[in-house]
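Have a look at the structure below before the remarks.
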Amino acid sequence: MIAIALMLGGGLGALQAMVISTGLPFAVVLLIGCFGVIKGLMSEPRAK
């Protein structure tokens, strides 16, 4: 519904702006999670 309203009201540019503005914070959270997992795995002792 939101995508249809943006396409009718502002066109493709408005839809692209909405996708970027909602996806960018999620990508940052995923990157922080990846660094946390890597840091946690590096601190674990290695099995023989």
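Determine, yes or no, whether Pro45 is assigned to a helix (DSSP H, G or I), at pLDDT below 95 and exposed (fewer than 10 other Cβ atoms within 10 Å of the Cβ).
Judged against the criteria, Pro45 is not a match.
Take Val37 and decide whether it is among the β-branched types (Val, Ile, Thr), at pLDDT 90 or above and either out of contact with any Pro (no Cβ under 8 Å at 6 or more places or on another chain) or assigned to a helix (DSSP H, G or I) (or both).
So Val37 passes the test.
Could you run through the stretch 1-19 and say how many residues are part of a helix (DSSP H, G or I) and loosely packed, with under 10 Cβ neighbours inside 10 Å?
6
The values are calculated or read from the model by the stated rules, or taken from the named source; none is laboratory data. Note that the structure is predicted; figures quoted are calculated from it, not measured. Because the Cβ atoms are built from the backbone with ideal geometry, glycine has one as well, and the counts that use them run over all protein chains shown.
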